[in-house]
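The values are calculated or read from the model by the stated rules, or taken from the named source; none is laboratory data. Treat the numbers as computed from the prediction; the structure is a model and nothing was measured. Counting neighbours? That spans all protein chains shown, and the Cβs are built from the backbone with ideal geometry, glycine included.
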Amino acid sequence: MGEIKAGAVDDFLSRPDSAVRCVLIFGNDTGLVSERAADFAAGVLGETADSLSHVRLDSNEIAADSQRLADEAYAVPMFGGTRCISIRVQGTGSIVAPLESLLQTPPQDSYVVVAAGELRKTAPLRKLFAGAANAVAIGCYADNAAALDRIIDQETAEAGLTIASEARTALKALIGGDRMASRAEVAKLCLYATGTGEITTDDVRAVVGDASAFAIDEAVDAAALGDASAFSRLYRRLLAAGTADFVIIGAALRHFDMLHRARARIDSGVAPDRALPPQLFFRRRPLVTRQVRHWSLPRTERALGILNRAVVDSRLRNAISADVIGQALLSIAVIATSGRRRTT
């Protein structure tokens, strides 16, 4: 059957095809990989399955004993029903050969689901499943806006809550890199807001993700707007609160990369307010709109060069990494000030 497109994955997992006995679930969103592998196992086993019907292996066990997978997959269930063999890929041992044999003669009473990390299209394991007529491969990547909305709607509905539009926008800007982590953050938010009826932006700021996320944004905005004194104050406060300097410069790199892409869109004729990503927190939009007006492509590229150099230098000079990163961002604040003078 090959690889399933993103829009058809949920439908496949909710109604497993009995002709497809082997499934590969892979991708850089490890939480989503785990969640989908668990959903598939639950779907094929059913609610009444006993604990012995679900066998969990890792790839190292199979690589060390090539017969192990066949023994488990072809075993007849002691109490009838269906078995599921869940395999977690880890280590360097290859399991392609045992799986290839299994696909040539699929089991009748068992399903096999393989959970792996990121795999290139040329990876043997991915090629095996994508090319088999009786197997499927499912890629798992960071959730898009629609997927995040579904998670938020599911969790808030179960908690008997609604969420304000502005709070939803703020929440989506803070989650999405990992499905399980996103769901956990939304569940935590719902627990915090229990009894209030509606989740507000203040609730999101108080609970979700890294508590320093908003403070980091403030510091990066201060540097990008040329406010060196405000940046210095905010940066010292972040470090004093225990925020790692590499987290701050990582946020700065992502921010200036976003400014670079937005500026390119503006230069191609897109209005500044429409050039910014839609998930940008609404309270930051006016500040970032000001920034993107003043940061030309060459100056943004210069800032990215300074930040990238600071990342390298901070690793080489680990003892003073906070100073290296702080100085780089102060240099960017100076560039922002000079650029603002030229455009006024």
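Values for this structure:
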| quantity | calculated |
| --- | --- |
| Criterion violated by Pro272 - all others in (1) within 18 Å of Val324 (Cα to Cα); (2) free of Cβ contacts under 8 Å to residues at least 40 places away in the same chain; (3) of a type outside the set (S, T, N, Q) satisfied | (1) |
| Test: residue in the range 73-94 that is part of a helix (DSSP H, G or I), surrounded by 13 or more Cβ atoms within 10 Å (Cβ to Cβ) and either in contact (Cβ under 8 Å) with a residue 60 or more places away in the chain or among the charged types (D, E, K, R) (or both) | no |
| Cβ pairs under 9 Å, 6+ apart, first in the range 115-143 and free of Cβ contacts under 8 Å to residues at least 12 places away in the same chain and not assigned by TED's automatic domain parsing to the domain that holds Ile175, second surrounded by 15 or more Cβ atoms within 10 Å (Cβ to Cβ) and among the charged types (D, E, K, R) | Arg120/Arg126; Lys121/Lys127 |
| Any hit, the range 33-51, residues being of a type in the set (Ser, Thr, Tyr), surrounded by 19 or more Cβ atoms within 10 Å (Cβ to Cβ) and modelled with pLDDT under 90 | no |
| Of all residues in the range 240-278 being surrounded by 16 or more Cβ atoms within 10 Å (Cβ to Cβ) and in a loop (DSSP other than H, G, I, E, B), the one that is modelled with the lowest pLDDT | Thr243 |
| Where Lys121 falls short, out of the listed (1) under 30 Å from Ala173 (Cα atoms); (2) surrounded by 14 or more Cβ atoms within 10 Å (Cβ to Cβ) | (2) |
| Among (1) without any contact (Cβ under 8 Å) to a residue 24 or more places away in the chain; (2) of a type outside the set (D, E, K, R); (3) in contact with a helix residue (DSSP H, G or I) (Cβ under 8 Å, 6 or more places away or on another chain); (4) assigned to a helix (DSSP H, G or I) - the single one Thr300 does not satisfy | (1) |
| Among the residues listed as Ala19, Ala49, Ala42, the single one being out of contact with any helix residue (DSSP H, G or I) (no Cβ under 8 Å at 6 or more places or on another chain) and either part of a helix (DSSP H, G or I) or β-branched (Val, Ile, Thr) (or both) | Ala42 |
